[in-house]
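I have placed the structure first, in the form of structure tokens, so that the comments after it can refer back to it.
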Amino acid sequence: MAPLVRRTWAPIGQTPILYQRTGAREKVSIIGAITVSPCRRRVGMYFSLLAGRNVTAESLIPFLRQLRHHIGGRFILIWDRLNVHRAVRMQKFLSGLKTVRVEYLPPYAPELNPVEGLWGYLKMNPLANHAPRDADELAARADWIIHEVQGDTHLLRSFIKKTPLSLCLE
């Protein structure tokens, strides 16, 4: 809930003041996926907000079911080594999916994960200096901003191009 404070502009003599709640234990978690079509021409983004909750296998499985429904065919799921991704329940779920192949990124390699670029962008740019009153306000703002990012294919492509993975885009 604490905002990332960044330098900002203000009229001369009017120091910007950022009010925030201290001691707030509320949180908003986001599940996200950046997709690249087989022909590498279309880039998309899917996400789910979890206000006041952590990402667990129970919250990730419905997200993956919806992602599978939207993609419609076979796909490769490239994941980091988050504990939830490697959980027994998740492995059991994934083993039953014949249309999904899972590949894991090396440990401690966030620079290879395009979604990490997305999270960094959100925190450092549109969500910087935003001090929400509660988790619902943060979730509403994040939802609005992420919908904006979903429509910006150039920005989504930049997260993929920044990684040294061989996901060449035309």
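Values in this text are rule-based calculations from the coordinates and carry no lab data. Because the structure is a prediction, the values reported are computed rather than measured. So basically every Cβ, Gly included, is an ideal-geometry build from the backbone, and we count neighbours across all protein chains shown.
Taking the DSSP bridge list for the stretch 28-161 and keeping only pairs wholly inside it, about 65 percent are antiparallel. Distance between the modelled labels on residue 35 and residue 9, one decimal in nanometres: 3.8 nm (7 Å Cα→Cβ projection). Stretching the chain fully between residue 154 and residue 137 yields a gain of 3.3 nm (0.36 nm per residue, less the alpha carbon separation).
Could you tally the net charge around residue 87, taking each other residue with its Cβ under 12 Å from the Cβ of residue 87, Lys/Arg +1 and Asp/Glu -1? Neighbourhood net charge equals +3. Taking a sphere under 9 Å around the Cβ of residue 77 and counting the other residues whose Cβ falls inside, with K and R at +1 and D and E at -1, yields a net charge of 0. Expressed in Å, the radius of gyration and Dmax of the Cα atoms of the stretch 28-161 are 15.1, 44. Taking other residues whose beta carbon is less than 12 angstrom from the beta carbon of residue 61, and scoring Lys, Arg as +1 and Asp, Glu as -1, yields +3. Peptides 90-97, 101-108 ranked from most to least packed by the mean count of surrounding Cβ atoms within 10 Å: 90-97, 101-108. Each residue of the stretch 131-143 is assigned a 3J(HN,Hα), and the resulting list reads 10, x, 6, 7, 5, 5, 5, 5, 4, 5, 5, 4, 4 Hz, derived from the Karplus form 6.51 cos²θ - 1.76 cosθ + 1.60 (θ = phi - 60°), x at Gly and Pro.
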